[in-house]
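Here the structure comes first, spelled out in structure tokens, and everything after it is commentary.
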Amino acid sequence: MATPAFEEIADAFVFLDDWEDRYRHVIDLGRAMPPLEDALKVPATKVTGCASQVWLHPEMAGGTFRFRGDSDAMIVRGLIAILAALYNNVPVAQVGQVDAVAELGRLGLNDHLSAQRSNGVRSMVARIRDVAANG
């Protein structure tokens, strides 16, 4: 149940031969993402459980889920961009049905992220699901 934006990322990963190229691509995705305004980097948008500073700002309108995010670590910004591609424009009621672990596994991220980064991704996914479920 991946979005077209996520499928585009998955297709790009198929053509990247090794993990270093994929890692660079993740960083490039983060660089291309607009930064979150400082006014939105507040305790309410900060994600706990991440080694880096991470903020996710949800926006739900018309029954559709979206979020913008930022981090002080470039690789994490890239992971946020990937999660945005996975979750943005999904109907709010379907956010909990997105299998982020399986979708990220298609990219090989589960095998190449440190334990701390993997925990951080799980924390971001949990925040996304919680916000979508509870408004």
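Taken together, the values in this text are just the output of simple stated rules run on the coordinates, not laboratory data. Computed from a predicted model, the values in this text were never measured in an experiment. Using ideal geometry, Cβ is built from the backbone for each residue, glycine included, and neighbour counts are taken over all protein chains shown.
Things worth noting here:
- Nonlocal amide H pairs with residue 65, under 5 Å, H built at 1.01 Å: 89, 90, 92
- Distance between modelled label sites at residue 102 and residue 115, nm, 7 Å Cα→Cβ extension: 2.8 nm
- Only helical runs count toward this figure. For the chain, summing -39,500 (n - 2.57) over DSSP H runs of n ≥ 4 and dividing by all residues gives -16500 deg cm²/dmol at 222 nm.
- Label assignment, log10 I(q)/I(0) by the Debye sum over Cα atoms at q = 0.10 Å⁻¹ derived from the structure, set [x] -0.29; [y] -0.48; [z] -0.35: [x]
- Separation of the stretch 107-135 from the stretch 4-22 is 19 Å, based on Cα centroids.
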